[in-house]
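To keep things clear, I will list the structure first and then write my remarks on it.
Where a number appears in this text, it was derived from the coordinates with a stated rule and is not lab data. Note that the structure is a prediction, hence the values are computed from the model and not measured. Cβ coordinates were reconstructed from backbone atoms using ideal geometry, including for glycine residues, and neighbour counts include every protein chain displayed.
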Amino acid sequence: MARAVTNQRKAINTAAAWAVGLLIFFPILWTILTSFKTEAQAISDPPVLFAFDWTLQNYSDVLDRSNYGRFLMNSIIIAGGSTILGLIIAIPAAWSMAFVPSKKTKDILLWMLSTKMLPAVGVLYPIYLIFIKLGLLDSRTGLIIVLMLMNLPIIVWMLYTYFKEIPGEILEAGRMDGAGLKDKILFILTPMAIPGIASTMLLNFILAWNEAFWTLNLTAAKAAPLTAFIASYSSPEGLFYAKLSAASTMAIAPILILGWFSQKQLVSGLTFGAVK
Amino acid sequence: MGQIQLNQVTKSFGDVNVIPPLDLTIHEGEFTVFVGPSGCGKSTLLRLIAGLEDITSGQIDIDGQDATNLPPAKRGLAMVFQSYALYPHMSVRKNIAFPMKMAGMDEAEQTRRIDAAAKALNLTDYLDRRPGQLSGGQRQRVAIGRAIVREPSAFLFDEPLSNLDAALRVGMRLEISEMHKRLKTTMIYVTHDQVEAMTMADKIVVLQAGVIEQVGSPLELYREPRNKFVAGFIGSPKMNLIEGSEAAKHNAHTIGIRPEHLDVSTTEGQWQGTVGVAEHLGSDTFIHIHGIEGCDPLTVRAGGEVAVKHGDTVYLTPQMQHLHKFGADGLRIS
């Protein structure tokens, strides 16, 4: 009897999880489907879900009109660059906060996180002016720096949580065993922290890839990543839904594939420290 | 090799002075146990010897050499931690090899020492496993193996058995004692468990608030505790400390009598009381007795077959030759 109740509850939970999952996934599914429709079918009323003439015309049109490769390359360089630069700064920072904390460490961490609560548009104007002054407008370097700064608090927090989980006694055992700072980092800490660093890297890459506000406002043609590529297909008249969908699909495909293959790593990274 | 001498060693954390000036000599080959309640500074003292904490003032000599400013790895000591502190990403073999690798020892010698340690500690079948795949007892053996291969002049153990269950603890206790007999290396062992201290030590150092209350062999401490604190701390069940008129009869502020030094009778005796709880252990019975002035409850250790129960009236007679007397300052009156 108890087992029947448990099974029933399980089935309900599974159904609910699927429903929520599908609800979240539906806009993406709809975008992908629309990308295979003609422009007329894309705006047909009532909308058609599957029963339409599948076409690759939008993809070929989009590839003809825009240099997808260049946008893709910019996205990879900007997201990758900001992630690597972020890690270079965040690893030592999180390191010292976790292993040699001061009285103000908690305050600094909270302050760093609080900067994420500021609406980005609030600092757009000064940053725009600084970018003009430094000649960083529409440059990949400029975007790498801005996106790195935007995500730095999250990277530091995630790494800090990971490093905190490494017991201090292990480092002391290392000291007793004759490991110097270099040996400790190389043989003990890095191998222990690799899963944490990897999932932080992954999450940051995804955040930087999807970032639209700064990439749209600080780039024009040269440094524009895939977010700008999508935006270039949205027109005020809204007549290019199919092409817009094709562009969107092409922009999200790489990150979707990356996310799919690394979902286990991502989930464990995001829930790290929550459950011991 | 393995003599450790502490001269006027102090340790402060900020304004808090955890170890006031302290002198202690640990002789070569001795099994010394630091024992005391939580927060008494015993682990801090061990960490000062290990070099994991810097001393505030004083000097630590190891084998006659000033080691005060030497880094931990250069002191020739090996430490076994309470949490085992194994490297989780390395196999047992690599864990044990790590200190030798850091010392740049050649591979053949490393393998020889690993195999010898694994054999001595029953780890041969587990050398390629990771710590996560081992039981608590096995992990502790790996930690000991990692210490043994360094062939240190002294072993430091920081509450190494506290994470193990009771049965395993007794087994490991014996193994460590046997290891000491075999290796004859100096060992310093920190514990809050006075049973571990009594059973393992050649010499016990009883600490309270960073101060050494008494140093001596287990039986010295048992027979002649220097003060009330040591009297109450060493021995299980604890010594009964009786104050008031009963103590005054013996010209003392407090008298102490161990539970095993009280004779119980249901008919006659010096003190009369009522049985509260009788704990039957089979070999012994611990009887907690109420109604005796100056010490409530009073604990008696009687034979396993003693038939007393809650509410019974019993009479107790202390064995006078085992009576301890303490003055108002808590010190023993000889």
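How large is the dipole of region B:238-326 about the Cα centre if only Lys and Arg carry +1 and Asp and Glu carry -1, each at its Cβ, rounded to the nearest 20 debye?
220 debye
Could you pull out the pairs from A:Lys264/B:Lys101; B:Lys42/B:Lys228; B:Lys11/B:Lys325; A:Lys104/A:Lys133; A:Lys264/B:Lys94 whose alpha carbons sit more than 26 Å apart here?
A:Lys264/B:Lys101; B:Lys11/B:Lys325; A:Lys104/A:Lys133; A:Lys264/B:Lys94
Return the tail of the calculated pair distribution for chain B, meaning the percent of Cα-Cα pairs more than 33 Å apart.
Value for chain B (Cα pairs over 33 Å): 39 percent.
I'd like the distance between the alpha-carbon centres of region B:32-50 and region B:261-308, rounded to an integer number of Å.
35 Å
With the dipole of region B:136-210 worked out from charges on the C-beta (+1 for Lys and Arg, -1 for Asp and Glu) around the Cα centre, which of B:Thr185, B:Gly137, B:Met200 lies farthest toward the positive end?
So the residue furthest toward the plus end is B:Thr185.
Hey, what did region A:66-232 get for relative contact order, percent, Cα under 8 Å, at least 6 apart?
Taking the mean separation of contacting Cα pairs over the length of region A:66-232, I get 46 percent.
Taking only the alpha-carbon positions of chain A and ignoring solvent, what does the Debye formula give for the base-10 log of I(q)/I(0) at q = 0.17 Å⁻¹?
-1.32
When the distances between all Cα atoms of region B:238-326 are binned every 5 Å from zero, what whole-number percent does each bin get?
Percent of pairs per bin, in order: 3, 16, 27, 28, 16, 8, 3, 0.
Hey, can you grab everything whose amide H is under 5 Å from the amide H of B:Glu213? Only 5+ residues off in sequence or another chain; H modelled, so Pro and N-termini drop out.
B:Val206, B:Leu207, B:Gln208
Can you check what the net charge comes to around A:Phe52, using other residues whose Cβ is under 15 Å from the Cβ of A:Phe52 (Lys, Arg +1; Asp, Glu -1)?
-2
For region A:158-201, count the residues as N, evaluate 2.2 N^0.38 Å, and divide the Cα radius of gyration by that value, please.
1.16
Counting other C-beta atoms within 10 Å, which of B:His192, B:His310 has the fewest, and how do the rest follow?
If I rank by nearby Cβ atoms, fewest first, I get B:His310, B:His192.
What's the magnitude of the charge dipole for region A:1-142 around its Cα centre, counting Lys and Arg as +1 and Asp and Glu as -1 at the beta-carbon? Answer in Debye, nearest 20.
920 debye
Given the -39500 (n - 2.57) contribution per DSSP H run of 4+ residues, what per-residue ellipticity at 222 nm results for the protein assembly as shown, rounded to the nearest 500 deg cm²/dmol? Intermediate values should be presented prior to the final figure.
On the way: 22 runs with 283 residues, N = 610.
After summing the helix terms and dividing by residue count, I get -14500 deg cm²/dmol.
Which whole-Hz ³J(HN,Hα) couplings does region A:202-217 yield from phi under the Karplus relation 6.51 cos²θ - 1.76 cosθ + 1.60, θ = phi - 60°, glycine and proline marked x?
Karplus-based 3J(HN,Hα) across region A:202-217 equals 4, 5, 5, 4, 5, 4, 5, 4, 7, 5, 10, 4, 6, 5, 6, 7 Hz.
Could you tell me which of B:Val33, A:Leu189, B:Asn227 has its Cα farthest along the dipole of the protein assembly as shown towards the positive end, charges placed at Cβ (Lys, Arg +1; Asp, Glu -1), taken about the Cα centre?
Of the listed residues, the answer is A:Leu189.
How many angstrom lie between the C-alpha centres of region A:193-238 and region A:57-132?
Going from one Cα centre to the other spans 10 Å.
Just tell me, in residue order, which DSSP H segments of chain B are both 27 angstrom or longer along the helix axis (alpha-carbon based) and at least 1.6 in mean Kyte-Doolittle hydropathy.
none
Can you find, among A:Asn204, A:Val48, A:Pro254, the residue sitting farthest towards the positive end of the charge dipole of chain A, where Lys and Arg contribute +1 and Asp and Glu -1 at Cβ?
Result: A:Asn204, furthest along the dipole toward the positive end.
With a 10 Å cut-off between alpha carbons and a GNM built on chain B, which of B:Asp202, B:Asp158, B:Asp125 moves the most?
Highest fluctuation of the listed residues: B:Asp125.
Determine the dipole magnitude for region A:100-253: charges of +1 sit on the beta-carbon of Lys and Arg, -1 on that of Asp and Glu, nothing else is charged, the reference point is the Cα centre, and the result goes in debye to the nearest 20.
300 debye
What is the fewest-to-most order of B:Trp271, A:Trp209, A:Trp18 by other Cβ atoms lying within 10 Å of their Cβ?
Placing the least packed residue first, the sequence is A:Trp18, B:Trp271, A:Trp209.
Got the relative contact order for chain B handy, in percent, Cα pairs under 8 Å and 6 or more residues apart?
Computed value for chain B: 16 percent relative contact order.
Add +1 for every Lys or Arg and -1 for every Asp or Glu among the other residues with Cβ under 12 Å from the Cβ of B:Ala252, and state the total.
+1
Given a cut-off of under 8 Å on Cα pairs at least six residues apart, what relative contact order in percent is computed for region B:1-154?
It rounds to 23 percent for region B:1-154.
Rounding to the nearest 10 and keeping the result within 0 to 90°, find how far the Cα-based axis of helix A:105-114 lies from the longest principal axis of chain A.
In chain A, helix A:105-114 runs at an angle near 10 degrees to the longest axis.
I'd like the orientation of helix A:68-99 relative to chain A: the angle between its Cα long axis and the longest Cα principal axis, in ° from 0 to 90, rounded to 10.
Helix A:68-99 sits roughly 20 degrees off the main axis of chain A.
Expected output is a single nm value to one decimal: the length gained when fully extending between B:Val211 and B:Ser283, i.e. 0.36 nm times separation in residues minus the C-alpha distance. What is it?
Here the segment from B:Val211 to B:Ser283 would lengthen by 22.3 nm.
Taking H placed 1.01 Å from N in the peptide plane, check which residues at least 5 places from B:Val18 or on another chain put their amide H under 5 Å from its amide H.
So B:Val18 has HN proximity to B:Lys11, B:Ser12, B:Phe13.
How much length is gained if the chain between A:Thr14 and A:Leu49 is pulled fully straight, taking 0.36 nm per residue apart and subtracting their Cα-Cα distance, in nm to one decimal?
10.1 nm
Considering only DSSP states other than H, G, I, E and B, which GluC sites (Glu not before Pro) in region B:231-334 qualify as loop sites with at most 10 other Cβ atoms within 10 Å?
Answer in residue order: B:Glu268, B:Glu305.
Which of B:Gly145, B:Gly136, B:Gly36 moves most in a GNM of chain B, Cα contacts under 10 Å?
Per the Cα network of chain B with a 10 Å cutoff, B:Gly136 tops the list.
Could you work out which residue, out of B:Phe98, B:Phe34, B:Phe157, moves most in a Gaussian network model of chain B, that is, has the largest mean-square fluctuation with Cα springs under 10 Å?
B:Phe98
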